[in-house]
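Following: one structure in structure tokens, then a few remarks.
The values are calculated or read from the model by the stated rules, or taken from the named source; none is laboratory data. Quantities reported herein were computed from a predicted structural model and do not represent experimental measurements. Counting neighbours? That spans all protein chains shown, and the Cβs are built from the backbone with ideal geometry, glycine included. These accessible areas exclude ligands, DNA and RNA; they are computed on the full protein's heavy atoms, side chains included. Shrake-Rupley method; radii C 1.70, N 1.55, O 1.52, S 1.80 Å.
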Amino acid sequence: MTSTARKRIVVLISGNGRNLQAIIDACANNSINGDIVGVISNKADAYGLIRARQASIPTCIIPHQEFADRESFDAAIQDQIDLLDADLVVLAGFMRILTDDFVRHYLGRMINIHPSLLPKYPGLNTHQRALDAGDATHGATVHFVTPELDAGPTVLQHSLTINTDDTAESLAERVMEEIELALYPKAVALFCDNVVTLSDTAPYRTLNTPET
Ligand code: GAR
């Protein structure tokens, strides 16, 4: 770990928040040189909000259905994130498509975890799609967020072997337990230690990506 100042992290969620919890725990035990300064959810009943409150992290609910369009919703989130003076925006199961303007505002300082071996299976239903394709392996990817959905440069990626008796549900659980809960804190730590950065011109690529 380097001796740089601790980074200010804002996490965006929509649901359970297991990845959020893993990052909360990694900040608490100093595996990450940063602190979560706010959690924003577009869903009032997201369990991740309870996890954040239990860790004494400020939370904010911004319900997308209360906004006329994506632009105004994203503008409201951006206001909150910028009030929190975030160094890093972490999308952790945040299930909204973001506008190009929003993505460009945080280019190089916003990352996402996606439950597939990108570039395979951007979008939804990744586990079923891997099974339907007869894939031997599946996994998860942490990537920088760029305007094209789930297509930003990889920070870290890890795979597992699909078992013959795996279902979409068992595979989702295995990817979460065996990969995501370790991969995302590790990727956040690399960013907070200034190890990985995004090139500042297109075509974007990750600089100094370590081996997974
Ligand atoms: C995770 O599996 C994450 O990879 C996925 O949502 C789940 C959130 O779980 N994200 C996406 O599919 C984004 N395209 P969590 O709320 O328990 O961390």
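Miscellaneous remarks
- Evaluating D150 against the criteria (1) modelled with pLDDT of 95 or more; (2) within 14 Å of the ligand (Cβ to nearest atom); (3) touching a Pro at 6+ places or on another chain (Cβ under 8 Å) leaves one unmet condition, (1).
- Only one of the numbered conditions (1) in a loop (DSSP other than H, G, I, E, B); (2) of a type in the set (A, V, I, L, M, F, W, C); (3) touching a Leu at 6+ places or on another chain (Cβ under 8 Å) is violated by M95, and that is (3).
- Residue that is more than 20 Å from A86 (Cβ to Cβ), polar (S, T, N, Q) and surrounded by fewer than 21 Cβ atoms within 10 Å (Cβ to Cβ), where the choices are T126, T167: T167
- Residues of segment 34-56 that are farther than 26 Å from L190 by Cβ and buried (at least 20 other Cβ atoms within 10 Å of the Cβ): N42, A46, L49.
- Hits in segment 131-145 - residues which are among the β-branched types (V, I, T) and surrounded by fewer than 21 Cβ atoms within 10 Å (Cβ to Cβ): T137
- Residue, farthest from the ligand (Cβ to nearest atom), within segment 114-131, restricted to residues that are outside any loop (DSSP other than H, G, I, E, B) and polar (S, T, N, Q): Q128
- Residue match in segment 19-32 (condition: in contact with a Cys (Cβ under 7 Å, 6 or more places away or on another chain), in contact (Cβ under 8 Å) with a residue 40 or more places away in the chain and buried (at least 21 other Cβ atoms within 10 Å of the Cβ)): yes
- Set S170, S199, S159: member being farther than 22 Å from A22 by Cβ and either away from the ligand (no atom under 13 Å from the Cβ) or in contact with a helix residue (DSSP H, G or I) (Cβ under 7 Å, 6 or more places away or on another chain) (or both): S199
- For the criterion of being touching a residue at least 12 places away in the same chain (Cβ under 8 Å) and closer than 17 Å to L118 by Cβ, L181 fails.
- On inspection, I111 passes the criterion of being within 12 Å of the ligand (Cβ to nearest atom), assigned to a strand (DSSP E or B), touching a strand residue (DSSP E or B) at 6+ places or on another chain (Cβ under 7 Å) and touching a residue at least 40 places away in the same chain (Cβ under 8 Å).
- Every residue from segment 81-101 that is touching a residue at least 60 places away in the same chain (Cβ under 8 Å) and more than 16 Å from the chain's Cα centre (by Cα): L84, D85
- Per this entry, L156 is not counted among residues that are open to solvent by 30 Å² or more (accessible area, probe 1.4 Å), closer than 23 Å to K7 by Cβ and either over 15 Å from the mean Cα position of the chain (by Cα) or without any contact (Cβ under 8 Å) to a residue 60 or more places away in the chain (or both).
- No other residue among D135, D79 is assigned to a helix (DSSP H, G or I), more than 16 Å from the ligand (Cβ to nearest atom) and among the charged types (D, E, K, R) apart from D79.
- Some residue of segment 179-188 being open to solvent by 30 Å² or more (accessible area, probe 1.4 Å), under 24 Å from V10 (Cβ atoms), at pLDDT 95 or above and not in a helix (DSSP H, G or I): no
- In the set (1) in a loop (DSSP other than H, G, I, E, B); (2) within 24 Å of L183 (Cα to Cα), G48 fails one condition alone, (1).
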